[in-house]
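Data first, discussion second: the structure below is written as C-alpha cells.
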Amino acid sequence: MATSDWLETDIARHIWATKYRYQPHGQAGEAGIEASWRRIAEALSAPEADASHWCTRFQKALKGFRFLPGGRIQAGAGTDRDVTLFNCFVMGVVEDDMACIFNHLKEAALTMQRGGGIGCDFSTLRPAGTVAHGSGTIASGPVSFMRIWDSMCATILSTGARRGAMMATLRCDHPDIETFIDTKSQAGELTRFNVSVQVTDAFMEAVENNADWALVFPEEALDGPAEGTCVYRQWTGQQQPVPCRILRWVPARELWERIMRATYNYAEPGVLFVDRVNHWNNLGDREHITATNPCGEIPLPPYGACDLGSINLTCFVRAPFTKHARLDWQGLEAITATATRMLDNVIDVSRFPLPQQAERVRGDRRIGLGITGLGDALIMLGLHYASDDARATAAKVMRTICLSAYGTSVDLARTKGAFLQFHAPAYLARPFVQGLPDDIRDGIARHGMRNSHLIAIAPSGTISLLAGNISSGIEPVYQFRQQRWVLDAEARRQSFELTDYAYRLWRQRHPDAMLPAYFVDALQVEPEAHLAMEAALQPWVDNAISKTINVPQAYSFEAFRDLYKRAYALGLKGCTTYRVNAVRGAVLTPSGEASGGDSDPQPEPHCCNVEREAD
C-alpha cells in the first residue's frame, strides 16, 4: 500500500489506514490520502447543481488538511458502508416505563452500531426506592439503567477500532443526584459514559446564598398522597412546567461541594449550565435542551445530531516563527464559506440510524464548524497561550469564522431555501442572532437561514493527529513530546512516539536553540487562563465549546472549587476539568526530552479522556 507525503507521522499513517481509508471487501482500497479527499469531495458535491465545480472546490479545501471534516464524514462519505456521517446524537426523551426504557436502549444501540455516539438525559427516570403510580413497582433509579447502557456500549463498538462514546446528564434537583455525582468514583464504573450535572441558575443562586435546595420529581409519576409541598418545574420532556413533589431538602452548598470534590478527585462530573444553554439557543422559542453530545460542544434537543468539521489554523499562519508572522484572514474567510457548504451537504447525503433523527436534522440543519490547531498556531505566531494578545487573536479568528459562516448560510438559504423550522421574527429575536452585524441580520430577514446553528468547537483529537499531530481544538499543546497508546483495528493497544507539529517545525529550523518562552504546554498554563481563552471565544460560538481545563495535580481544592464559579461568572455554557488521578488514567505518557518519565502503558481510558476524543 502506497501512502502520501501528506501523512508525515507514523500515527497519521496508522489512523488513516485503520479509521479513514476506504477499502471495499476484496478490493485494493484507496492508495493514499489524496484518494480519500477525492472520495469525500465527490460525495459531498453530489447535491450541487454544478457538482463538478464544487467537487474541485471541496477537494482543494481538504488538501493539506486545511479543512478537517468530522471523523464519521471522513470514514463514511462516498462509501457503501451502512453508517451515518454524523459524529454524535442526543437520544429521545426516556419515558419512565420499562417498555419505553428498553426501546430507547435499542435506539441507542442502533445509533452506535451505525457510527454515532450518544447523549442522554436520565432525569425522567424515577428516583431509587420510590413507588410507581399505578403499578406499585419500586424504582431502581437512573444510575442503575445507565449501567445497562454502559454494558450495551461495551458490546457494540461504533465502527472499527473506535470506542463507543456516551454522555449522561441529570438534573441538579433530581433526588438521585448524589448517587449520580459519586458514580464515577470507582475504577471501571460507567467507563463508556461522560457524566454532567444540569446546573440551573436557581441552584447557583442557592449556592451563593447558602440556601437549602429542594430535590423533586413530577407528582404524576409518584404513588401515594403528596407528603410535602409541590412546586412547578420545567421538567425534561414536558412542554410546560409541571407540579413536582419535594422529596427532601439538601443544603445547596453541600451539594455543590460534593460535585466539586468528585470532579477534583475523579475528573467527573462536569457541569452543564443548562439555563444559559437554553437562553442562547437560536431555537430556544420552540425547544428545551437538557443534554449534549459526548464531548459537550453541541447541546441538542431530542434526536438532534452534530455535523462537525474543523478548520486547521496552522495552515493559515504565514511566515511562522518570524517577526512577520501573521494569519491569512482572507484565506480563513474563504475556507469557512467552503466548509459551511460542505457540512450543509452532509445533511443531504448522510444516512440516519433512526427516522426521528432524520426528521429533526432535516428540520433545523444544525452544523458545527470549528477550529483546531489553535495552540500550535499561537506558537507559530509567537504568542503565549495565556497572553492578552493570544486571546484577542483567537477571538478575532472566531469572529471571522462566525460571520463568514452566517453570511454563507444566508446565501445558501437564498439559493437552496431556509431550514424547515425557520420563522424570521422568532429567529431574529434570539439573543445570539441579535448580536450579529446589521448586514447579516438584514440578509436573514430577506432570505432566511439555511442552518439554525453553525459554530461549535470540538476536541478533534483523532483528526488532529491525522493532520500531523497539531494541537487539538482550542487546547494548548498537551505535551511537546509524548507517548500515545491507541487501539488498532483488532482493538489491540499500540504505542506511538509523538512530536507536536509546531515543535517539530521549530526544531527543523533551530535544532539546537532553546525554546522561546511562548512554547508552553497545557500544564504550564494556569487554569484561569484556560477559562479566559474559552470565555474569549464563546461570544462567537452559537453551539458550545469542548474545552478541558487542565489542572496540576498539586492544585488546591479551594482554588479548584472557585474555577467552576468563575466559569459561570464568565458566561460559559459548561465546564470540564482534568486533574491527573488514579481512577481515570490517561492515554498520554511523557517521553524524550520533555519528560524523562517512564513509558509504561496507562490504564484503559474512559470514552472521552483528557483530550476528550470523539472523532
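Every number here is computed from the coordinates shown, using simple stated rules; none is lab data. What you see is a predicted model; the values in this text were computed from it and never measured. All Cβ positions, even for glycine, are placed from backbone atoms using ideal geometry, and neighbour counts span all protein chains on display.
How many percent of the alpha carbon pairs in the stretch 456-581 exceed a separation of 18 Å?
Pairs farther apart than 18 Å: 61 percent.
Net charge of the neighbourhood of Ser556, taken over other residues with C-beta under 12 Å away and scored Lys/Arg +1, Asp/Glu -1, is 0.
Computed over all pairs of different Cα atoms, the Kirkwood value for the hydrodynamic radius of the stretch 93-292 is 17.6 Å. In sequence order, the stretch 400-408 has phi-based couplings of 4, 5, 4, 5, 5, 5, 5, x, 5 Hz under the Karplus curve 6.51 cos²θ - 1.76 cosθ + 1.60, θ = phi - 60°, and Gly or Pro positions carry x. Relative to the dominant Cα principal axis of the chain, helix 329-349 is inclined by about 60°. The 3J(HN,Hα) values that the Karplus relation (6.51, -1.76, 1.60; θ = phi - 60°) gives for the stretch 5-15 are, in residue order, 5, 5, 8, 7, 10, 4, 6, 5, 5, 5, 5 Hz. Gly and Pro appear as x.
Under 5 Å from the amide H of Gly304 lie the amide H atoms of Val90, each residue being 5 or more positions distant or on a separate chain, with H modelled from the backbone and absent for Pro and chain starts. The mean of 1/r over all pairs of different alpha-carbon atoms in the chain, once inverted, gives a Kirkwood hydrodynamic radius of 24.6 Å. Within the shell defined by Cβ-Cβ distances under 15 Å, the residues around Leu300 carry a net charge of -2, with Lys and Arg each +1 and Asp and Glu each -1.
Relative to the longest principal axis of the C-alpha atoms of the chain, give the angle of the C-alpha long axis of helix 142-155, reported between 0 and 90° and rounded to the nearest 10°. Approximately 30 degrees, to the nearest ten.
For the stretch 301-382, the alpha carbon convex hull comes to 95 Å³ per residue, rounded to a whole number. The Cα atoms of the stretch 41-184 define a convex hull whose projected area, averaged across directions, is 11.8 nm². Every helix of 4 or more DSSP H residues in the chain counts as -39500 (n - 2.57), and over all residues that averages to -11000 deg cm²/dmol at 222 nm. Take the Cβ atoms of Arg248 and Ala154, set R0 to 51 Å, and the FRET efficiency comes out at 0.90.
Fewest-first ordering of Thr499, Thr79 by other beta carbons within 10 Å of each residue's beta carbon gives Thr79, Thr499. Charge tally around Tyr232: other residues with Cβ under 15 Å, Lys/Arg +1 each, Asp/Glu -1 each, net 0.
Report, in degrees rounded to the nearest 10, the 0 to 90 angle that the Cα long axis of helix 33-45 makes with the longest principal axis of the chain. Between the helix axis and the principal axis of the chain, the angle is about 60 degrees. By other beta-carbon atoms within 10 Å, ranking Val242, Val397 with the fewest at the front produces Val242, Val397.
So if the hydrodynamic radius of the stretch 216-301 is defined as the Kirkwood radius over C-alpha pairs, what does Stokes-Einstein give as its diffusion coefficient at 4 °C and 1.567 mPa s, in µm² per second? Diffusion coefficient, whole number: 84 µm²/s.
So how do Tyr478, Tyr555, Tyr568 line up by other beta-carbon neighbours within 10 Å, fewest first? Walk me through the numbers before you get to the answer.
Details: Tyr478 23, Tyr555 17, Tyr568 20.
Least to most surrounded, the residues fall as Tyr555, Tyr568, Tyr478.
Full extension of the chain between Arg326 and Arg509 gives 64.1 nm of extra length, using 0.36 nm per residue less the Cα-Cα distance.
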